[in-house]
Amino acid sequence: MDFAFDEEQQALRAAVKKTLAAEIDRERLIALGDDERGFTDALWSVIAGSGWTGLLVAEEHGGLGLGLVDLVVVLEEMGRVPMPGPYLSSAVLATLAARALGADDLLPGLADGSTRGTLALDEVGARDPLTAVAVTATRDGDAWILDGIKPTVPDGHTADWAIVVARDDTGLAGFLVERPPATAVPSMDPLRKLARFELTATPARRLGPNGNQTAILRRVADDAAVALAAETVGSAERALELAVEYSHVREQFGRPIGAFQAIRHKAAEMLEAVELARVGAHYAAWTSDEDRPEREVAAAMAKSWVAEAAIHVTGESIQIHGAVGFTWEAEPHWHYRRAKVNDLLLGQQGWQRQRVADLLLGPVA
C-alpha cells in the first residue's frame, strides 16, 4: 500500500511552507509570544485568503472539502514554525465539532475566516477528557444554561464563539456559546494561547441530535488528537534539524561537536523517533478518512507515541545546543514547549496508552 503524498498534497505542502516562511520570522514569533492575542489580523487574513481555514469544510459551505490526510500536510509545516494564532482552535477543533454536530450555519464563517470558533472540552485531570467533563447544562424553558469551568480553552479569549462540551440529563452534548466569558491564562507555550471559561448561568444553544452525544464527541476528540499529533511531528522534525545544524557549527576541542559519537548517537535516536511518529500520525489520519475499524486504536497510538517522541526529541535538541537552547531568542525551547502543551491537550500520553490497552485487550475489571 502506497502511503506517499500525491502531487496535489506535495504542492499544498510547498505552498504552506513558502507562505509561512514569508510571513513569520524569529522576531515576529517573539513579538507574538508576548502579545495576548497571539496573532495579527494581517496574518490571519493571509491564512484565510490561502484557503487553509476551509480545508475541512465541505465545498457547499465554502470550503475545500478535503480530509484529515490533507490537513496533516498543512499542520506538519505549521508545527515546524511553531505556528502562533488560532488556526488549530478554529480551522481544526471548532470545524471538526461544528461539522460533526451538524451546525452547518457555522461552517461558512469558519471556512472564509470571517469568524473564529474554538472547542471547550478539556477540564481538570489526566484521564479521559470526555469522562472528566463536569460542566453542566440545564434546560431553561426553550434555552439552556451552562455552569462550570473550562480551564484551558485554546484561543478562547479571541474566539467569536465556542462549542462547549457539557453534561445534560442525557449525557454529554455540545453547546454553542456566543462571545464566551473568557480570561486569558498563562501557557507553558506562549505561542499557544489558552483561556479560562467561568460559566455561571451562561446561555447556550444545544447543537446536534437529541440524546447522548458521547460517540460523536469521541470521534471529534480522536480526529482533533490526530491533527494535534501531526503538528507535533512537524515541531519535533524542526527541533531535530536545528540540533543537526548546530552540531555542524559548534566546535569543541577543535572539532564540530557533530563529529563526536555521543552526538551522533543522539541524532540517530532522534531521527528514529521522528520517523516513527510521522508514520503513526499519517496512518491514523488515513484510518479516519477511510473510516477503518482500527481508527480509534490508531488515533490513541498516534497521540501517545507522538507526544512521547516529541518531548524526547525536543529535549535532546536543547541538550545538544547547551545553554543557548534555553534562551528566549533560540528556537529549540519553543518546540519543547509546544510538545509539552500538545501532550496535555485532548488526552495526555499516559491515558492514551491505557486506552490502547483497553481497546486491544479489554478494560481491567
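The values are calculated or read from the model by the stated rules, or taken from the named source; none is laboratory data. Remember, predicted model here, so these are calculated numbers, not experimental data. Cβ placement follows ideal geometry from the backbone for every residue including glycine, while neighbour counts extend to all protein chains displayed. Note: areas computed on protein heavy atoms with side chains; ligands, DNA, RNA excluded. Shrake-Rupley method; radii C 1.70, N 1.55, O 1.52, S 1.80 Å.
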The local net charge around Met188, scoring Lys/Arg +1 and Asp/Glu -1 for residues other than Met188 whose Cβ lies under 14 Å from its Cβ, equals +3
Note down the relative contact order for the chain as a percent, whole number, built from C-alpha pairs under 8 angstrom at least six residues apart. 16 percent
Check each of the GluC sites (Glu not before Pro) in the range 28-107 and keep only those in coil by DSSP with at most 13 other C-beta atoms within 10 angstrom; list them in order. Glu36
Diffusion coefficient in µm²/s returned for the chain by Stokes-Einstein, Kirkwood Rh over C-alpha pairs, 10 °C and 1.306 mPa s, is 76 µm²/s
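Counting other Cβ atoms within 10 Å of each Cβ, which trypsin sites (Lys or Arg not before Pro) in the range 75-160 have at most 15 and sit in a DSSP loop?
Arg127
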Would you report the distance distribution of C-alpha pairs in the range 54-99 as whole percents per 5 angstrom bin, up to the bin with the largest distance? 6, 21, 31, 26, 12, 4, 0
Quick one, can you get me the convex hull of the C-alpha atoms of the range 111-181 expressed as volume per residue in Å³? 107 Å³
Just to confirm a number: summing +1 for Lys and Arg and -1 for Asp and Glu over residues other than Ser304 whose beta-carbon lies under 12 angstrom from that of Ser304, what do you get? +1
Where the accessible area of the range 293-365 is counted over protein heavy atoms with a 1.4 Å probe, how much of it, in %, is carbon and sulfur? 62 percent
Overall form of the range 1-126 per C-alpha gyration tensor (a/c, 1.5; a/b vs b/c): rounded
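For the range 182-236, rounded, prolate or oblate, judged on the Cα gyration tensor with a ≥ b ≥ c (square roots of eigenvalues), a/c < 1.5 rounded, else prolate if a/b > b/c?
Oblate.
Label the range 140-228 by shape, choosing from rounded, prolate and oblate, from the square roots a ≥ b ≥ c of the eigenvalues of the Cα gyration tensor; if a/c is under 1.5 it is rounded, and otherwise prolate applies when a/b is larger than b/c, oblate when it is not.
Here the range 140-228 falls in the oblate category.
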If each K or R counts +1 and each D or E counts -1, the residues other than Val69 whose Cβ falls under 10 Å of its Cβ total -4
Rounded to the nearest 10 Å², the accessible area of Asp291 using a 1.4 Å probe with every protein chain kept is 100 Å²
Could you state the principal axis extents of the C-alpha atoms in the range 63-165, from the largest down, to the nearest angstrom? 43, 33, 23
